[in-house]
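Asker: Please find one structure pasted underneath; my questions will follow.
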Amino acid sequence: MLDRNVVLDMFRRSGALLEGHFQLTSGLHSNQYFQCAKVLQFPEYAEILCGDIAEAFRGAALDAVIAPAIGGIVVAQEVGRQLRLRTMFAERKEGAMELRRGFALAPGERVLVCEDVVTTGGSVQEVIDIVRRLGGRVAGVGYIVDRSNGAVRFAMDGDAKQHPVLTMDVVAYKPGECPLCAQGSTPVKPGSRGNY
């Protein structure tokens with residue numbers, strides 16, 4: 001497991017830990033945003049961060065790696081590369097997450113779900129639901145940043161485990177309870193569905 005200060009240093013050096021007023025993909029507001037794309041643009045950081053996930057699941061019986069688009073794609077690809085597993089992603093079509101582009105799972109395949117940042121876990125749970133609907137088994141979930149400080153728990157199969165590289169208790173507010181909004185600040189949406 002990587003030292004949290006080493007991980008935070010990678011985020012700071014790459015400009016991936018942002019401070020301000022943000023609307024997260026979950027709809028919640030926060031004064032911090034982890035822009036994983038900025039840290040993952042550096043191959044040496046991607047290899048180390050995703051390597052921590054790969055090591056946590058090395059030796060597990062896995063057939064594939066899958067991620068929600070867009071944030072999880074780079075994570076899944078690097079974890080899949082290190083574990084020598086085929087890698088795919090689910091993406092939204094008309095608001096619903098689905099497998100496209102010819103990606104498919106066979107019944108009984110054991111799949112590792114990867115993501116960059118988890119706040120409420122909504123996108124990851126949607127991917128877990130896809131895997132189950134197709135008859136696959138979720139063998140685990142690996143992600144770089146857990147903004148929930150361990151509060152988010154995914155419904156998985158049997159001995160499946162969750163592995164975050166970095167766990168933090170980052171404050172997040174419902175829009176109607178956001179003190180930053182109350183001060184007149186307008187949030188920006190830095191995620192893949194936003195404007196930043």
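Asker: Counting only DSSP beta bridges with both residues in the chain, what percent are antiparallel, rounded to the nearest 5?
Answerer: On the way: 11 of 34 bridges.
Rounded to the nearest five, the antiparallel share is 30 percent.
Asker: Pairing rule first: another cysteine's C-beta must sit under 4.7 Å. Under that rule, which cysteines of the chain stay single?
Answerer: Cysteines of the chain left without a disulfide-compatible partner: Cys36, Cys50, Cys114.
Asker: Further, regarding this structure: What shape does region 79-122 have by the C-alpha gyration tensor, where a ≥ b ≥ c are the square roots of the eigenvalues, rounded means a/c under 1.5, and otherwise prolate means a/b greater than b/c and oblate the rest? Please report the intermediate quantities before stating the final value.
Answerer: Values: a/c = 1.87, a/b = 1.17, b/c = 1.59.
Oblate, because a/c is 1.5 or more while a/b does not exceed b/c.
Asker: With only Lys, Arg, Asp and Glu charged, each at its Cβ (+1 for the first two, -1 for the last two), find how big the charge dipole of the chain is about the Cα centre; round to the nearest 20 debye. Before the final figure, lay out each step's value.
Answerer: Details: 22 positive and 22 negative charges, 79 e Å.
The calculated dipole for the chain is roughly 380 debye.
Asker: Hey, what's the chain come to in accessible area per residue, 1.4 Å probe, Å²?
Answerer: Details: 9350 Å² over 196 residues.
I get 48 Å² per residue for the chain.
Asker: Want the number for Arg100 to Glu177: 0.36 nm per residue separation, take away the alpha-carbon distance, what's left?
Answerer: Values: separation 77, 0.36 × 77 = 27.72 nm, distance 3.76 nm.
Length gained between Arg100 and Glu177: 24.0 nm.
Asker: Classify region 1-93: rounded, prolate or oblate, from the alpha-carbon gyration tensor (a ≥ b ≥ c, eigenvalue square roots; a/c under 1.5 rounded; otherwise prolate if a/b is larger than b/c)?
Answerer: Values: a/c = 2.28, a/b = 1.35, b/c = 1.69.
Verdict is oblate for region 1-93.
Asker: Does anyone have the angle between helix 122-133 and the longest principal axis of the chain? Alpha-carbon axes, 0 to 90°, nearest 10?
Answerer: So the inclination is approximately 20 degrees.
Asker: Moving to a separate point now. Could you work out which residue, out of Gly51, Gly59, Gly184, moves most in a Gaussian network model of the chain, that is, has the largest mean-square fluctuation with Cα springs under 10 Å?
Answerer: Comparing Gly51, Gly59, Gly184 in the GNM, the peak value goes to Gly184.
Asker: A further question follows. Running a GNM on the chain with Cα contacts under 10 Å, which residue among Ala90, Ala172, Ala106 ends up with the highest mean-square fluctuation?
Answerer: With Cα springs under 10 Å in the chain, the top fluctuation among Ala90, Ala172, Ala106 is at Ala106.
Asker: Measure nothing fancy, just the Cα-based angle from helix 4-13's long axis to the longest principal axis of the chain, in degrees from 0 to 90, nearest 10.
Answerer: Its long axis makes an angle of about 70 degrees.
Asker: Is the shape of the chain best called rounded, prolate or oblate, per the rule: a/c under 1.5 gives rounded, else a/b larger than b/c gives prolate, else oblate, with a ≥ b ≥ c the square roots of the Cα gyration tensor eigenvalues?
Answerer: On the way: a/c = 1.89, a/b = 1.43, b/c = 1.32.
It is prolate, given that a/c is not under 1.5 and a/b is the larger ratio.
Asker: Return P(r) of region 100-196 (all Cα-Cα pairs; 5 Å bins starting at 0; whole %; ordered from short to long distances).
Answerer: 3, 11, 18, 19, 17, 13, 9, 6, 3, 1, 0
Asker: If one takes the longest principal axis of the Cα atoms in the chain, at what angle in degrees, from 0 to 90 and to the nearest 10, does the Cα axis of helix 43-57 lie?
Answerer: For helix 43-57, the angle is close to 60 degrees.
The values are calculated or read from the model by the stated rules, or taken from the named source; none is laboratory data. Every value quoted in this text rests on a predicted model; they were computed, and no experiment measured them. Because the Cβ atoms are built from the backbone with ideal geometry, glycine has one as well, and the counts that use them run over all protein chains shown. To get the accessible areas, we keep the full protein, side chains included, count just its heavy atoms, and leave off ligands, DNA and RNA. Shrake-Rupley method; radii C 1.70, N 1.55, O 1.52, S 1.80 Å.
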